[in-house]
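The block underneath contains the structure these notes are about, expressed in structure tokens.
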Amino acid sequence: MDIISKTKNKRAFRKAGAIAVFVGVVRGETLKGEKVQKLELQAYQEKADEVLTNICDDLRKKSGIVDVQIHHLLGEFHVGDDIVYVLVAGSHREEVFPVLEEAVERYKKDAPIFKKELVTTLKGEKRAYWLEEQESHR
């Protein structure tokens with residue numbers, strides 16, 4: 001999905017002077033130094049879509065903001081794979097960057113998206129466990 005083209009094709013884009021994009025990727029190491037083998041992402045799809053839509057709609061109301069998009073992928077991912085795209089378009093960069101950060105923080109906190117990390121521990125053991133969104137990004 002090309003979120004930049006999708007935004008540029010909107011009628012309101014003529015008001016934009018800046019686009020900022022955040023791409024979240026699978027990190028190769030946990031905060032404990034364990035080696036990540038893969039990540040599984042699941043969601044309560046209907047609720048997650050509703051939450052992401054509401055965040056985008058809410059943030060589009062901010063002064064100078066033209067478009068906000070959040071696309072979170074689901075399934076099985078390996079180190080370096082993209083897992084989320086967040087885009088904010090607005091009149092000026094000073095308006096875009098704070099809204100981008102807010103969009104990322106809000107989806108992490110509010111969207112019912114569940115992560116299962118499969119890792120190799122420091123002792124060489126294979127483990128898998130579910131993470132809470134807040135824990136996985138600190």
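The C-alpha atoms of the chain define a longest principal axis, and helix 93-110 lies at about 40 degrees to it. Counting only alpha carbon atoms, the long axis of helix 45-60 and the longest principal axis of the chain meet at about 40°.
When the charge dipole of region 3-136 is built from unit charges on Cβ atoms (+1 for Lys and Arg, -1 for Asp and Glu) and taken about the Cα centre, the candidate among 52, 69, 80 whose Cα reaches farthest toward its positive end is 69. In order along region 67-78, the Karplus-derived 3J(HN,Hα) couplings, from 6.51 cos²θ - 1.76 cosθ + 1.60 at θ = phi - 60°, round to 7, 9, 9, 10, 10, 9, 8, 10, x, 9, 9, 10 Hz, and Gly and Pro are given as x.
Extension gain residue 54-residue 92, at 0.36 nm per residue separation less the Cα-Cα distance, in nm?
The residue 54-residue 92 span can extend by a further 11.4 nm.
With a simple spin-label model that places each label point 7 Å from the Cα along the Cα-to-Cβ direction, the separation between residue 123 and residue 14 comes to 6.6 nm. Taking 0.36 nm per residue of separation and subtracting the Cα-Cα distance, full extension of the segment from residue 46 to residue 110 would add 21.7 nm. Amide H contacts for residue 84 (H built 1.01 Å from N in the peptide plane; partners 5 or more residues away or on another chain; cut-off under 5 Å): 24, 73. Taking a quarter of the surface of the Cα convex hull of region 3-136 gives a mean projected area of 8.3 nm². Annotation: amide H-H contacts under 5 Å for residue 17 (H modelled 1.01 Å from N, sequence separation of 5 or more, or interchain): 90, 91, 92. Here the relative contact order of region 3-136, from alpha carbon pairs under 8 Å that lie six or more residues apart, stands at 33 percent.
Net length available on complete extension from residue 76 to residue 132 is 18.5 nm, with 0.36 nm assigned per residue and the Cα-Cα distance removed.
When both region 4-22 and region 38-74 are represented by their alpha-carbon centers, they are found 17 Å apart.
Read-outs: derived from the displayed coordinates by stated rules, not from any lab. Just so it is clear, the model here is predicted, and its values are computed rather than measured. So basically every Cβ, Gly included, is an ideal-geometry build from the backbone, and we count neighbours across all protein chains shown.
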